[in-house]
1. Tell me, what are the semi-axes, in whole angstrom and largest first, of the equivalent ellipsoid of the range 395-543 as set by the roots of 5 times the Cα gyration tensor eigenvalues?
2. Relative contact order for the chain: what is it in percent, counting Cα pairs under 8 Å that are at least 6 residues apart?
3. Taking the mean number of other Cβ atoms within 10 Å as a proxy for protection, how do you rank 296-304, 3-11 from highest to lowest?
4. If packing is taken as the average number of other Cβ atoms within 10 Å across a peptide's residues, how do 307-313, 280-286 rank, most packed first?
5. Roughly how large, in nm² to one decimal, is the mean projection of the convex hull of the alpha-carbon atoms in the chain?
6. I need the P(r) histogram for the range 125-175: all alpha carbon pairs, bin width 5 Å from 0 out to the longest distance, whole percents.
7. Counting each DSSP H run of 4 or more residues in the chain as -39500 (n - 2.57), what helix-only mean residue ellipticity at 222 nm follows after dividing by all residues, to the nearest 500 deg cm²/dmol?
8. What is the pair-distance distribution P(r) of the range 2-252, computed from all Cα-Cα distances in 10 Å bins starting at 0, with each bin given as a whole percent?
Amino acid sequence: MRIALAQCNPRVGDVAGNAALLLQLAREAKAQGAALMVAPELVLSGYPPEDLLLRNDFLDCCAQALETLAGDCPLPLLVGHPLRRDGRLYNAASLLRGGRIEGSYAKHCLPNYQVFDEKRYFHPGGDELIFTLEGLRLVLRICEDLWCDELPLLSEPGTADAVIVLNASPFHRAKQAERQRVAARRAREAGAAVLYANLVGGQDELVFDGASFAVDARGQVIARAPAFASELLMLEVDVARKQWWGGPMAPELSPVAEVYTALQTGLRDYVQKNGFSGVVLGLSGGIDSALTLALAADALGAERVHALILPSRYTAAMSIEDAEAEARKLGVGYDIIPIDGLFDAYLETLAPVFAGRAADVTEENLQARIRGALLMAYSNKFGQLLLSTGNKSEMAVGYATLYGDMAGGFALIKDCPKTLVYELARYRNGQGEVIPPRVLERAPSAELAPDQTDQDSLPPYDVLDAIIHAYIERGEGRTEIIARGFPAATVERTLRLIDRAEYKRRQAAPGVRISPLAFGKDRRYPISNGFHPWDPDCLQEKR
Ligand SMILES: Nc1ncnc2c1ncn2[C@@H]1O[C@H](COP(=O)(O)OP(=O)(O)OC[C@H]2O[C@@H]([n+]3cccc(C(=O)O)c3)[C@H](O)[C@@H]2O)[C@@H](O)[C@H]1O
Ligand SMILES: Nc1ncnc2c1ncn2[C@@H]1O[C@H](COP(=O)(O)OP(=O)(O)OP(=O)(O)O)[C@@H](O)[C@H]1O
Ligand SMILES: NC(=O)CC[C@H](N)C(=O)O
């Protein structure tokens with residue numbers, strides 16, 4: 001017997017479109033001889049539907065679509081959807097068989113950490129859905145249920161042959177290994193195979209990597225779908241012998257390749273799901289915009305990407321040469337628009353008001369803001385989405401100009417620390433050189449003042465990134481980070497910069513989450529905040 005895991009890419013809110021996609025996949029699965037198709041968690045609404053779930057009209061639409069799908073579906077289908085019952089809302093999955101909704105299951109364990117806030121919307125379920133398919137006994141679980149040790153996969157070992165898990169499990173680095181480990185352990189405990197169907201595709205800041213798989217009752221992976229691609233993964237079972245085998249085993253991507261592909265997927269789907277014809281970005285000759293350009297060209301095709309090179313008096317000739325070389329190598333169209341005329345006009349206009357004041361960061365930021373205005377003008381005129389190019393290190397310490405280089409609708413690499421930006425650029429060049437090597441070798445500079453480098457105002461990026469990682473992702477405090485061997489003054493200054501930049505992060509564009517703790521939903525800090533963990537006196541009682 002064959003079971004198809006439908007690793008697919010729904011669009012949040014497009015219930016009719018998602019139902020049509022499921023129907024089309026169900027026909028394909030049937031044509032390939034499947035006896036059952038399994039579609040991911042909340043696939044009918046898309047995941048996460050967020051506060052759409054608070055709307056009755058949206059829930060009506062989902063209920064109607066489920067009824068229709070049950071009537072039309074050419075083979076038994078397990079499908080995830082929101083379910084209203086007795087005035088309560090559940091994160092549910094239903095078995096559609098024989099033209100009707102045969103039974104439903106509600107997720108028991110509702111994740112409420114990181115980007116998840118399912119307790120805001122759903123009630124936990126309490127019942128089981130166990131059914132038989134051509135003699136095979138199957139039981140249902142939904143995503144977090146698999147991770148939740150308090151919930152046995154089977155109420156009693158041996159009561160089912162396989163556990164089917166519907167998932168909306170977003171990507172972060174090294175997530176797939178974690179999923180396979182958990183599934184293998186749980187399969188061995190339950191003495192049953194685990195069939196794991198995941199979503200794929202980008203949804204705002206989240207990227208779902210798919211990589212659906214199955215493990216047998218001994219915990220051996222028997223089949224795996226590719227990451228970041230739609231796929232009908234076919235599993236075969238000999239019902240009498242309880243033996244499983246699968247189709248091709250997709251290779252696992254290297255740690256840097258998976259991030260590169262996640263960024264491409266997140267951008268491609270953001271552009272497509274929001275109806276943009278293409279993207280535009282400011283190309284400086286620095287590493288961040290070079291990587292963003294390469295990612296955009298790889299994700300969308302060079303013809304859907306445009307670059308503006310916007311030099312000022314502080315821009316080195318080498319930067320313009322490198323920016324042009326990057327655009328040419330990738331086949332991306334570009335314009336060069338010098339900004340000195342506009343900069344002079346601003347300085348002249350402000351001169352009477354600023355009389356007697358020394359030049360400072362104000363003038364630096366003006367250049368970034370002139371660029372932001374020109375890029376937004378291009379975006380408006382040509383209907384292209386402006387990509388901002390800030391990385392996680394800059395987002396952390398506020399090293400970016402509001403309404404300047406922070407202008408833009410999508411901040412593609414905002415969850416990539418600068419050290420990872422270099423790694424990704426080297427990886428991309430390994431597939432064919434598109435970034436001139438000296439861009440990787442030069443000291444990074446904002447080029448907003450004479451002979452400026454980032455390291456005039458920030459610690460070296462390897463130190464900065466290690467401190468950011470310890471503070472943000474590991475949640476360590478001042479003392480623990482200093483104990484890692486970093487100078488106290490550097491640690492205190494960095495933590496202070498991080499806390500002080502919260503207001504900027506709240507105003508930043510969304511971007512692809514690739515870490516388990518990205519700025520945004522994962523980390524919700526107050527802006528007006530009197531807790532200063534960078535200050536050794538902070539925890540002392542005020543006298
Ligand atoms: N809590 C708060 N809530 C709301 N607004 C708050 C605020 N605290 C300050 N502000 C406001 O924020 C503004 C200051 O922020 P902003 O104008 O952005 O300017 P600011 O952060 O002072 O300066 C920008 C920094 O980013 C660096 N930079 C700029 C451009 C590119 C790069 C790069 O290499 O990538 C680096 C630049 O060298 C400089 O260190 C002020 O108007 C201030 O009133
Ligand atoms: N001369 C320029 N022409 C076009 N865009 C620019 C120019 N300078 C800065 N920008 C835009 O502003 C962003 C921030 O630039 P900046 O050079 O200040 O910082 P950075 O972090 O070193 O970025 P990059 O590494 O891309 O240069 C750039 O990535 C780019 O999008
Ligand atoms: N949708 C969910 O329940 C996701 C939670 C789960 N632990 C995951 O990310 O894989």
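Bear in mind these aren't lab numbers, they're just calculated from the coordinates by the rules spelled out. Predicted model, so just to flag it, every value in this text is computed and none were measured. Cβ placement follows ideal geometry from the backbone for every residue including glycine, while neighbour counts extend to all protein chains displayed.
1. Numbers: eigenvalues 162, 66, 51 Å².
Semi-axis lengths for the range 395-543 are 28, 18, 16 Å.
2. Details: 1105 pairs, mean separation 59.5, N = 543.
It rounds to 11 percent for the chain.
3. Ranked from most to least packed, the peptides come out as 3-11, 296-304.
4. Answer by packing, highest mean first, reads 280-286, 307-313.
5. Result: 29.4 nm².
6. Per 5 Å bin, starting at zero, the Cα-Cα P(r) for the range 125-175 comes out as 5, 17, 27, 24, 13, 8, 5, 1 percent.
7. -11000 deg cm²/dmol
8. 8, 35, 40, 16, 1
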